[in-house]
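This report concerns only the one structure given below.
The values are calculated or read from the model by the stated rules, or taken from the named source; none is laboratory data. Small disclaimer: the values here were computed from a predicted structure and weren't measured. Cβ: placed from backbone, ideal geometry, glycine included. Neighbour counts: every protein chain shown. Keep in mind that these areas ignore ligands, DNA and RNA; they rest on the heavy atoms of the full protein, side chains included. Shrake-Rupley method; radii C 1.70, N 1.55, O 1.52, S 1.80 Å.
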Amino acid sequence: MASHLSSNHVKFKPHVTDHPETSNESTYRFSSNPPIWLSWFLGVVLLAPGLRAAGHQPQIPSLQSFYPSDQLGQVFILSSETDIFVDEIYAFDSGSHSNGPTLLDFAETFRSDLIHMTSFALPPVKVTPFSQAHLDGSGSAIVLTLSSSSNHTLYSGIPTPEAYDFLVSNSSYVISGSGPIGAWWGTRTLLQQLALSEQGYNATYTFPAGIGTDSPGWEVRGFMLDAGRHWYTTEFLAEVCTYASFFKINEFHIHASDNLWIPSLLYGPDWRSLYSGFRFEPPQDSPIAGLVPYRNESWSSTSFADLQTHCAQRGVTIVPEIDTPGHSLVISQWRPQLMLNGTPDSLNLSYPETIPTIHSIWSQFLPWFSSTEVSIGADEYLPSLADQYISFVNEMSSYIGGISGKSIRAWGTYEPSNTSSVSTNVTIQHWDFPSASIPRDLLHSGYRVINSEQTFLYLDGKFPGEGGFPQTLNIPLLFSGATAEGDGWAPHIFSANDPANNTAYNTVGLRGAIFALWNDWGTNATTPLETYYQLSQSLAVFAEKTWAGSGIRASELTMEQFEAAYPPLNARAPGQNLNRAVKNKTSGDVVFAFEKLPSLPFHTGVESVGPPYTFSFSVRPSASDVQTTGDITVAELFMGTDSALFASSLTFSSNAEYYPLPPAFQLKPDIWTNVTIQATREYTLASVVQEGGHSEAYWYQTTLNIWGDYLTQANMSFAAPSATIGSEGFRGDIANVMLRID
């Protein structure tokens, strides 16, 4: 049943809508029965003299529709005295996940984000009857509630708890979710509008009065990070979760086991020496304790539980992946008898102990995982063993479902079998044509499909040259180059060249899409922050295309609107500081400058500074400081959250990897050297002038092994190690330290 939102007191005019043919209507129709809170607004529009409502700014992802009030001067004013209320009827509602965040939990996180963005000392969140939530104009209130009659759907027609309606008057900003997660996404819209606005009179922010509605087009809007070939701490992953949530990304697929692929090593006698990773750390007394090759590069049950909780509190579900029976060198290195003869990265599924061993791995870790789905990987296995592969996938679906109630996903590898097929209970994550699954055929056969087509959605940690995957998603491609007709990309687009391989945007079974960032060249190829630089804009454009799509809603963003909105949203995304920005400092500002230091080590109070920056200093090391053998980390010149710089070869370190300058350079003991380090997100350059010498410049680079075919050099970008100057182990002198943001 529809309900008009107009009265003698409140009138709204259309701003944006997903139905262009109705854009001249002067009233708004709810997609559901009118929420109970609606009546409170029909008489509450006390105008603030002298204020004029600005328009709703284009945001990421785009809003389905917003109708501003047609009465001038209606704005909601956010100040340090604004209250946040949670409707007591729904305060402890956690939606479909009994152990998930409640509406109150989301409200508390929202308050924290508001404080982060405004520096307001906001009142505590209050749980109260809706009728007492300052809707009568007696104060300024943000109210979170749920709609018991919402019938918002995805494009496929399936109901979604992620939708929300919101209504803004001069005294209230009410967000009504179809589920708690929907209300949470509504708070992201409020915060994005804040980020896109300027602070106004008396340190307040204003929002235009009006009414809006929003709903995602697809259920799955996620990204995958290859953590099997590259080590990441859970602290870093939590920051990435927080950032992704700001753009309404709802899944974080963690590829937690894998190995490098260097054929000369993998298929030769030294296969045991090839790097592999398994990130979940079983207890020391576990029967599978020996599975983890590097315990210092693994996550304990506590740290992973904390990560899952952190992400869930921001609306992001972690989907863990343990990849078998291919990409399984880490298991073969632990239990060589399980591998296929001559193929150490593939397991022998016919060997009696193989599947029970895989069961034991999953039985150890399934209790860790809070998601309702997990990925078993299952890609790139031998086509000649298709029947064994299919039997394995179906066995794992039954086993995991039986002991945990969870369903599984598998990468869409083509299985040339005439006698069997993968169960339709398994979600297929498509990634390749033509050797992998055909999504159109899968959907027709009753499978559920997630689009990860590599043509559009694959990235790699560093781009080695021709034929490699890019470092970021291609924005022009996603906005206007996804088809021969110049259409934009959306989850139903699998092929840029063959329309017959694409589906309708509202196809039942098409769950959404996940883009993937692989780390084919290993941990030394990138720092964690370089990974963020790859993800930051990619997450935002992907959010737009998986929430709204292309050519479906009139309100979807143009590329120009996206490029205008992204920089301020990236800069002000709350709850994290992956840009490693310094508060109240901008381009050209000096972060700190010390001609002389009272003592070493000296603590600056600035933990880390992201590029671009210029970092200059003078150093006079002792002979022991510049040794190139033994423990070079003793003589630490500078240390920060993300990096450190050592006197020996002016070596940078990040994420337990070390990057010295070329062997031709070395600081001379007992002689002053002036060093200037300039960094952008693309490189780090050191210029050095030793006493009595001339200026020399050196790039910080790493060596990448490209599939064992050749070696290549790639530039490194480091954050400035700004927290501590000097160390107990450094015996020399440091002076004239200056750090400036460029």
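Worth pointing out:
- Residue match in region 538-553 (condition: among the acidic types (Asp, Glu) and either in contact with a helix residue (DSSP H, G or I) (Cβ under 6 Å, 6 or more places away or on another chain) or open to solvent by less than 10 Å² (accessible area, probe 1.4 Å) (or both)): yes
- Filtered residue count, region 273-291, keeping only those that are touching a Pro at 6+ places or on another chain (Cβ under 7 Å) and open to solvent by 10 Å² or more (accessible area, probe 1.4 Å): 1
- Qualifying residue in region 729-739 (condition: among the small types (Gly, Ala, Ser), in contact with a helix residue (DSSP H, G or I) (Cβ under 8 Å, 6 or more places away or on another chain) and assigned to a loop (DSSP other than H, G, I, E, B)): yes
- Flag for residue 714 being closer than 16 Å to residue 653 by Cβ and surrounded by 14 or more Cβ atoms within 10 Å (Cβ to Cβ): no
- Residues of region 121-157 that are open to solvent by less than 60 Å² (accessible area, probe 1.4 Å), touching a helix residue (DSSP H, G or I) at 6+ places or on another chain (Cβ under 7 Å) and without any contact (Cβ under 8 Å) to a residue 60 or more places away in the chain: 122, 125, 146.
- The set of residues from region 660-683 being part of a strand (DSSP E or B) and open to solvent by 10 Å² or more (accessible area, probe 1.4 Å) comprises 674, 676, 678.
- Sole exception among (1) touching a Leu at 6+ places or on another chain (Cβ under 8 Å); (2) under 22 Å from residue 133 (Cα atoms) for residue 188, by number: (1)
- When residue 645 is tested against (1) open to solvent by less than 30 Å² (accessible area, probe 1.4 Å); (2) touching a helix residue (DSSP H, G or I) at 6+ places or on another chain (Cβ under 9 Å), exactly one condition is not met: (2).
- Among residues of region 505-535 being surrounded by fewer than 20 Cβ atoms within 10 Å (Cβ to Cβ) and of a type outside the set (Val, Ile, Thr), the one that is nearest to residue 277 (Cα to Cα) is 518.
- On the stretch given as region 278-301, residues that are under 29 Å from the mean Cα position of the chain (by Cα), among the acidic types (Asp, Glu) and in a loop (DSSP other than H, G, I, E, B) total 1.
- Some residue of region 98-119 being farther than 14 Å from residue 82 by Cβ, part of a loop (DSSP other than H, G, I, E, B), out of contact with any Leu (no Cβ under 8 Å at 6 or more places or on another chain) and without any contact (Cβ under 8 Å) to a residue 12 or more places away in the chain: yes
- Spans of strands (runs of 3 or more DSSP E) in region 197-272 with at least 3 residues of a type outside the set (Ser, Thr, Tyr), within 24 Å of residue 317 (Cβ to Cβ) and open to solvent by less than 10 Å² (accessible area, probe 1.4 Å): 220-226, 251-255
- Residue 607 vs. criteria among the acidic types (Asp, Glu) and under 21 Å from the mean Cα position of the chain (by Cα): no
- Matching residues in region 324-358 - criterion: being crowded, with 21+ Cβ neighbours inside 10 Å and either without any contact (Cβ under 8 Å) to a residue 12 or more places away in the chain or part of a loop (DSSP other than H, G, I, E, B) (or both): 325, 326, 327, 328, 339, 349
- Residue in region 613-634 that is among the aromatic types (Phe, Trp, Tyr) and farther than 20 Å from residue 732 by Cα present: yes
- Candidates 309, 302 - the one that is closer than 30 Å to residue 59 by Cα, hydroxyl-bearing (Ser, Thr, Tyr) and either open to solvent by 10 Å² or more (accessible area, probe 1.4 Å) or modelled with pLDDT under 95 (or both): 309
- Looking only at residues of region 639-659 that are touching a residue at least 60 places away in the same chain (Cβ under 8 Å) and part of a loop (DSSP other than H, G, I, E, B), we find that the one that is farthest from residue 239 (Cα to Cα) is 647.
- Some residue of region 95-103 being in contact with a Phe, Trp or Tyr (Cβ under 7 Å, 6 or more places away or on another chain), open to solvent by less than 60 Å² (accessible area, probe 1.4 Å) and either more than 16 Å from residue 177 (Cβ to Cβ) or of a type in the set (A, V, I, L, M) (or both): yes
Let's see how each residue does on (1) in contact with an Asp or Glu (Cβ under 9 Å, 6 or more places away or on another chain); (2) open to solvent by less than 60 Å² (accessible area, probe 1.4 Å); (3) assigned to a strand (DSSP E or B); (4) at pLDDT below 95:
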position: 586; (1), (2), (3), (4): no, no, no, yes
position: 592; (1), (2), (3), (4): no, yes, yes, no
position: 596; (1), (2), (3), (4): no, no, no, no
position: 607; (1), (2), (3), (4): yes, no, no, no
position: 611; (1), (2), (3), (4): yes, yes, no, no
position: 614; (1), (2), (3), (4): yes, yes, yes, no
position: 617; (1), (2), (3), (4): no, yes, yes, no
position: 622; (1), (2), (3), (4): yes, yes, no, no
position: 633; (1), (2), (3), (4): no, yes, no, yes
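- Residues that are within 17 Å of the chain's Cα centre (by Cα) and within 16 Å of residue 160 (Cβ to Cβ) within region 203-239 comprise 219, 220, 221, 222, listed in sequence order.
- The set of residues from region 57-86 being assigned to a loop (DSSP other than H, G, I, E, B), on the phi < 0 side of the Ramachandran plot and small (Gly, Ala, Ser) comprises 62, 79, 80.
- Residue that is nearest to residue 686 (Cα to Cα) [pool: residues in region 616-633 that are among the hydrophobic types (A, V, I, L, M, F, W, C) and touching a helix residue (DSSP H, G or I) at 6+ places or on another chain (Cβ under 8 Å)]: 626
- Residue check for residue 567: free of Cβ contacts under 8 Å to residues at least 60 places away in the same chain, more than 28 Å from residue 656 (Cα to Cα), outside any helix (DSSP H, G or I) and open to solvent by 20 Å² or more (accessible area, probe 1.4 Å): no
- Under the condition of being in contact (Cβ under 8 Å) with a residue 60 or more places away in the chain and under 40 Å from the mean Cα position of the chain (by Cα), the residues counted in region 614-632 number 7.
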